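Remarks on the structure that follows.
The values are calculated or read from the model by the stated rules, or taken from the named source; none is laboratory data. Computed from a predicted model, the values in this text were never measured in an experiment. Cβ sites come from the backbone with ideal geometry, for glycine too, and all protein chains shown count toward neighbours. Accessible surface is based on the protein model in full, side chains and every heavy atom, while ligands, DNA and RNA are left aside. Shrake-Rupley method; radii C 1.70, N 1.55, O 1.52, S 1.80 Å.
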Amino acid sequence: MADKRYNAFSEELKRLFGCRVHRISVDAGFTCPNRDGTVGTGGCIYCGGEGSGSYGIARNLPVAAQLEDGKEVMVRKYKAKKFIAYFQAYSNTYAPVERLAALYDEALAVEDIVGLIVGTRPDCLPPATLDLLAEYARRSWFWLELGLQSTHDRTLQAINRGHDFAAFTEAMERCRERGIRVCAHVIIGLPGETREEILATAGILDGLKVDGVKLHLLHVMRGTMLAQMYGRGEISVMERDDYVGLVCDFLELLDPRISIQRLTGDGGRDLVAPLWSLAKFEVLNAIDQELERRGSRQGSALGRSTF
Ligand code: SF4
């Protein structure tokens, strides 16, 4: 029985590798079809143009050097011993397979890197790329992260994702056929999306039997289209208690088998709002306390809460 009331990814990693495993984000110099004109040019409305979530990564260094730098920091801070290379910035399958293989191999060759996580868009997975990823899934510890954000096409259009929900379900299907584990990214608090719609996304992901979920709070970041909308008063951001409650509701609707890989992020130096999210550990503690108060766990609402 895990300490958490949800199937925390960090616990799974500890069980598997025998110690805490640290993710090191790398920026391998990819671009994104939703920025370079292939699908669109403006990008998702919340993306700062450096690739979502990639703030602070040293893009100009080779992948191995980025990993060595990251390791050095983590060893100093946490006496860390094992690491995962996290291809996070932009769309990390958006290149010919030869280049992808060279970059992934470069990462796996770094000492104490025990696996790979590759983040991408569901529309960036041609068959040859999927076959390559399947090879990594067979011979290494591997997860694919797919940006979904919402299962509702109206929302996906409003945030300018440049793909629809069907693109995600197709990608999921192709990954499943090849034995690639998929973690879906979802953003809570997207403009115009109701509580019922957000929770419908939980039910749909449960039905699709995704392997993992990452929940993000909608962050308004400096320099984004979303920041302009926020400045004009066209959108609002979530209050902390509402977010905590919704995350708990969401977890209760997911099968306990689904690995929970993130429940919030801290936004970093370019965060405009909501500033309460900077206290990331307070938010995580509040989620734990709320589940405890409710006496519920991941999967409770489905009557499947044992893990
Ligand atoms: S898919 Fe990712 S990198 Fe591309 S515009 Fe959206 S958030 Fe930015």
In the stretch 85-124, the residues that are part of a loop (DSSP other than H, G, I, E, B) and of a type in the set (Val, Ile, Thr): 93, 110
Tabulated pairs, the stretch 28-48, first without any contact (Cβ under 8 Å) to a residue 60 or more places away in the chain, second near the ligand (Cβ under 9 Å from one of its atoms) and among the hydrophobic types (A, V, I, L, M, F, W, C), C-beta under 8 angstrom, 6+ apart or interchain: 35/47
Residue, surrounded by the most Cβ atoms within 10 Å (Cβ to Cβ), within the stretch 258-282, restricted to residues that are touching a residue at least 60 places away in the same chain (Cβ under 8 Å) and in contact with a Ser or Thr (Cβ under 8 Å, 6 or more places away or on another chain): 277
Any hit, the stretch 200-210, residues being within 18 Å of residue 150 (Cβ to Cβ), touching a residue at least 60 places away in the same chain (Cβ under 8 Å) and among the hydrophobic types (A, V, I, L, M, F, W, C): no
Single unsatisfied condition, residue 61 versus (1) open to solvent by 20 Å² or more (accessible area, probe 1.4 Å); (2) within 14 Å of the ligand (Cβ to nearest atom); (3) at pLDDT below 95; (4) not acidic (Asp, Glu): (2)
Filter result for residue 215 (closer than 19 Å to residue 285 by Cα and under 19 Å from the mean Cα position of the chain (by Cα)): yes
Residue check for residue 155: of a type in the set (Ser, Thr, Tyr), touching a residue at least 40 places away in the same chain (Cβ under 8 Å), out of contact with any Phe, Trp or Tyr (no Cβ under 6 Å at 6 or more places or on another chain) and farther than 30 Å from residue 135 by Cα: yes
Scan of the stretch 134-148 for residues that are in contact with a helix residue (DSSP H, G or I) (Cβ under 7 Å, 6 or more places away or on another chain) and under 30 Å from residue 218 (Cα atoms), ordered by number: 142, 144, 146, 148
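Does residue 44 fit the bill of being within 30 Å of residue 297 (Cβ to Cβ), part of a loop (DSSP other than H, G, I, E, B) and modelled with pLDDT of 95 or more?
Working: within 30 Å of residue 297 (Cβ to Cβ): no; part of a loop (DSSP other than H, G, I, E, B): yes; modelled with pLDDT of 95 or more: yes.
When the stated conditions are applied, residue 44 does not pass them.
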